[in-house]
Amino acid sequence: MNKTTKAETAVSILTESEVAERVEALLRQMSLEEKIGQLNQVGGADFAPGPKAEEQIRAGSAGSVLWVNDTKRFNELQKIAVEESPSGIPLLFALDVIHGYQTIFPVPLAMAASWDTAVPEKSQAVAAKEARAAGIHWTFAPMIDIARDARWGRIVEGAGEDPYLGSAMAAAQVRGFQGSDMTDPERVLACAKHFAGYGASDGGRDYDPVYLSDTQLRNIYLPPFAAAVKAGVATLMSAYMDLNDVPASGNRFLLRQVLRQEWGFDGFVVSDAFAVGNMVIQGHARDGREAALRGIQAGLNMDMSSYTYTEQAAGLVADGAVTVSEIEDLMRPILAIKVKMGLFEHPYVDEDLLAAVVARPEHRQAARWAAQRSMVLLKNEGGLLPLKKDIKNVAVIGPLADSMESTEGSWMVFGHTPAAVTVLAGIRAKLQDAQVTYAPGPEIRRDIPSWFESLMAEEAPKQPQTAEDAELAFQTAVETARAAELVVMVLGETALMAGEAASRASLDFPGRQAELLKAVSDLGKPVVLVLLNGRPLSINWAAEHIPAILEAWEPGTEGGHAVADVLFGEVNPGGKLPVSFPRKGSHAPLYYARNLTHSPEDSPMYNPRYWDGLPVPLYPFGFGLSYTTFAFSNLKVSAPQVRVNDTVTVSVDVANTGEVAGDEVVQLYIHQKWGSDSRPMRELKGFKRITLQPGETKTVTFQLGPDELKYWSTNAGQWIQEAAEFDIWVGADSLAALHTELEVVA
Ligand code: NOJ
């Protein structure tokens, strides 16, 4: 197969009209069947239904292939497309590369916890390099669904609850994957998903319907998508579920009005897997014919693996329900992207490239750096952390302490074998001369196994541990802890406990972990709790009784090293929560940007929202500690009164008042005090992560202008910026107390 050199892979950047000309020239030589074929994405895995990939490709019935992760096979399939299909149009190979290909980075929720857009941008650039070297052109990422319900398993794949933070992370990921132009042979096409509203499923139950008002959709759920489009994202994926009773894949409002007309998106949209055909199951379309019609009319370009387009579209054209030009309109952006990427000139991948690319040491270094920056210190009573390296005897306890899979986390690339440095390995590497003992304690598993487990497993699933074995493991863990000077407990959720089809009703520690934590804590030794998890957990007891808690999320391949770097003070943690931590699963959805009510908490007439425990978060949005302390002062607005459309500068002094250098994430929140709609009591409108030496002070500035002050109004039915007064707070989290005001006049 072709051996490409760097010089050969250089593809020239074409102008829009050159691209259009080539697309039209291709189009003229294609039959209707081939045009429809470009709208079809073939599932190349055994579990995918439909005719064999080779047959579909040879017949010209495939525009793209997903669920293949095999460099040699990519070239074989491409050869069929280029040499044997009627018009020889190359295929786009797509795969879910969510947080790394071979070098695994922290899960996206963790990357968002860095509050540093360089983290997702650099991480996804490495992911792109490795994936592209494997032959992948297109990743189904970033997932940018806002998630305010921690029960929803897919919260792990996004940036959390906030549209402002979420938009920044969305754009950064697009830049990381795609770079600045599509000809870059070390980048992949990105796909912003799942358009739109998926994170708001009823009760946090994955796939369940979503009901969102216009203001929720416009102000909260759509902004990350708008940001991705603005950043030049090549593709979007339509979501599975009904949005306000219309499946997202047949939703003209989303796909035509918002995406194309309002935002001017010129790339293409792929459905989620089988989603076009599933409109029948969902009770929206009468049959496959109608499902295809709904998709086409809504402007959905590519059918992921349901084959509804390939089976139905020609018939729809024959009976006049759809015109050839409608099919061509759906197909043009797909061809245009293939042309722009230079796929026609360079359809093949160099089969020797991948090994060299994944071996680059800078990829591991980037993964360690990203994990370090993602960690959030939740508690550090009495300065227990950082630990001293002269410690002689440490016990590392917990079912996740030595789990490579849970360290790399949810959404592995198909066929990837976890190879992470676990927390146990990271601590051992740091303490070469100490005794580091380990006991996992009782295993943890889902009450109902994951569908993905059966899909991916090469061997039959392991039988659950018996109650006796679990008890023995429990006692062994306690005895191991008893013999140590200090205990590091590594608890949380396994990789398959968050992610797709991984919602849960409770946010407690699964299994006997809480009980084990208590039993170890009762030994009276210093205990550090390291959390590995892809969603907020209700760790109420631990928050009260365990002196030091580090939220490490699912930190990726280098995760164990990064945890040890933080535990032993080589890195001062500076991450902040991108989601509120509820005290109970039943408090979800819980988020900081709620509207005020007639009975606010500080009023004498306040009525508690529940009488069995207040639904205030255990840890608020934006929260995170450091090994040093910071002080905020001197909050100023450049002008106390401005006109609508003007921009002001907000400035604040931040000082490191502790003994060591550290990072603080300076956060700006606003509240519009009145207006044509009620506005949230706080909304994030700016953040900056800065590093300060001990004793150092920096002045941090933010701009507040129309982009930050406008909102979508129900009453006005459009985006507006109003004359009103605004509260402004700047501080270290969403409870920031330092306050000033701004008046905007007409
Ligand atoms: C289903 C998931 O919802 C989506 O996120 C993913 O990209 C596709 N399957 C393809 O694997």
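Which of the residues that make up the range 61-116 are closer than 17 Å to Trp553 by Cα, within 16 Å of the ligand (Cβ to nearest atom) and either among the hydroxyl-bearing types (Ser, Thr, Tyr) or not in a loop (DSSP other than H, G, I, E, B) (or both)?
Result: Gly100, Pro108, Leu109.
Does Gly299 count as away from the ligand (no atom under 16 Å from the Cβ) and modelled with pLDDT of 95 or more?
yes
Quick one: in the range 316-369, of everything that is of a type in the set (Asp, Glu) and within 25 Å of Leu91 (Cα to Cα), which residue is surrounded by the most Cβ atoms within 10 Å (Cβ to Cβ)?
By that ranking, first place goes to Asp350.
Return yes or no: is Val616 among the aliphatic types (A, V, I, L, M), over 30 Å from Ala746 (Cβ atoms) and open to solvent by 40 Å² or more (accessible area, probe 1.4 Å)?
yes
Tyr221 is checked against (1) aromatic (Phe, Trp, Tyr); (2) within 16 Å of the chain's Cα centre (by Cα); (3) within 15 Å of the ligand (Cβ to nearest atom) and fails just one. What number does that condition carry?
Among (1) aromatic (Phe, Trp, Tyr); (2) within 16 Å of the chain's Cα centre (by Cα); (3) within 15 Å of the ligand (Cβ to nearest atom), the lone unmet condition for Tyr221 is (3).
If a residue must be closer than 17 Å to Phe195 by Cα and open to solvent by 30 Å² or more (accessible area, probe 1.4 Å), how many such residues does the range 300-315 contain?
0
Condition check: in contact (Cβ under 8 Å) with a residue 12 or more places away in the chain, farther than 15 Å from Val394 by Cβ and open to solvent by 80 Å² or more (accessible area, probe 1.4 Å). Does Pro442 satisfy that?
Answer is no for this residue.
Within the range 244-255, track down each residue that is in a helix (DSSP H, G or I) and more than 21 Å from Phe140 (Cα to Cα).
Arg252, Phe253
Working only within the range 194-211, note down all residues that are farther than 26 Å from Gly295 by Cβ and open to solvent by 10 Å² or more (accessible area, probe 1.4 Å).
Gly203 - this is the single residue of the range 194-211 that is farther than 26 Å from Gly295 by Cβ and open to solvent by 10 Å² or more (accessible area, probe 1.4 Å).
Look through the range 263-299, keep the residues that are touching a strand residue (DSSP E or B) at 6+ places or on another chain (Cβ under 6 Å) and in a loop (DSSP other than H, G, I, E, B), and return whichever of them is surrounded by the most Cβ atoms within 10 Å (Cβ to Cβ).
Here the residue is Asp272.
Working carefully through the options Ala226, Ala190, Ala196, find the one that is within 25 Å of Ser586 (Cα to Cα) and among the small types (Gly, Ala, Ser).
Being within 25 Å of Ser586 (Cα to Cα) and among the small types (Gly, Ala, Ser) holds for just one of Ala226, Ala190, Ala196, which is Ala196.
For Val258, are the conditions met, namely being of a type in the set (Val, Ile, Thr), assigned to a helix (DSSP H, G or I) and at pLDDT 95 or above?
In short, yes.
Name the residue, out of Ala190, Ala200, Ala172, that is modelled with pLDDT of 95 or more, more than 16 Å from the ligand (Cβ to nearest atom) and under 30 Å from Phe702 (Cβ atoms).
Just a single option satisfies the conditions, and that option is Ala172.
Of all residues in the range 46-95, how many are open to solvent by less than 60 Å² (accessible area, probe 1.4 Å) and over 16 Å from Tyr307 (Cα atoms)?
21
Could you count how many residues in the range 117-155 are assigned to a loop (DSSP other than H, G, I, E, B), more than 13 Å from the ligand (Cβ to nearest atom), more than 20 Å from Ala226 (Cα to Cα) and within 14 Å of the chain's Cα centre (by Cα)?
Of the residues in the range 117-155, 1 are assigned to a loop (DSSP other than H, G, I, E, B), more than 13 Å from the ligand (Cβ to nearest atom), more than 20 Å from Ala226 (Cα to Cα) and within 14 Å of the chain's Cα centre (by Cα).
Among the numbered criteria (1) at pLDDT below 95; (2) crowded, with 24+ Cβ neighbours inside 10 Å, which single criterion is violated by Pro142?
With (1) at pLDDT below 95; (2) crowded, with 24+ Cβ neighbours inside 10 Å applied to Pro142, the lone miss is (1).
Looking only at the range 548-568, count how many residues are in a strand (DSSP E or B) and either of a type in the set (A, V, I, L, M) or open to solvent by 30 Å² or more (accessible area, probe 1.4 Å) (or both).
3
Out of the range 262-290, which residues are over 26 Å from the mean Cα position of the chain (by Cα) and under 16 Å from Leu330 (Cα atoms)?
Scanning the range 262-290 gives no hits.
Taking the range 693-737, which residues are open to solvent by 10 Å² or more (accessible area, probe 1.4 Å), part of a strand (DSSP E or B) and either polar (S, T, N, Q) or in the same structural domain as Leu377 (by TED's automatic domain parsing) (or both)?
Of everything in the range 693-737, those that are open to solvent by 10 Å² or more (accessible area, probe 1.4 Å), part of a strand (DSSP E or B) and either polar (S, T, N, Q) or in the same structural domain as Leu377 (by TED's automatic domain parsing) (or both) turn out to be Thr697, Thr699, Thr701, Gln703, Gln718.
In the list Asp677, Asp663, which residue meets the criterion of being part of a loop (DSSP other than H, G, I, E, B), under 22 Å from Asp162 (Cα atoms), open to solvent by less than 40 Å² (accessible area, probe 1.4 Å) and not aromatic (Phe, Trp, Tyr)?
Asp677
Residue by residue through the range 168-193, note down the ones that are over 22 Å from Gly135 (Cα atoms) and open to solvent by 20 Å² or more (accessible area, probe 1.4 Å).
Ala168
The values are calculated or read from the model by the stated rules, or taken from the named source; none is laboratory data. It should be emphasised that the depicted structure is a prediction, and the values quoted were computed from it without experimental measurement. Note that each Cβ is placed from the backbone with ideal geometry, even for glycine, and that neighbours are counted across all protein chains shown. Note: accessible area is taken over every heavy atom of the protein model, side chains too, but ligands, DNA and RNA are not part of it. Shrake-Rupley method; radii C 1.70, N 1.55, O 1.52, S 1.80 Å.
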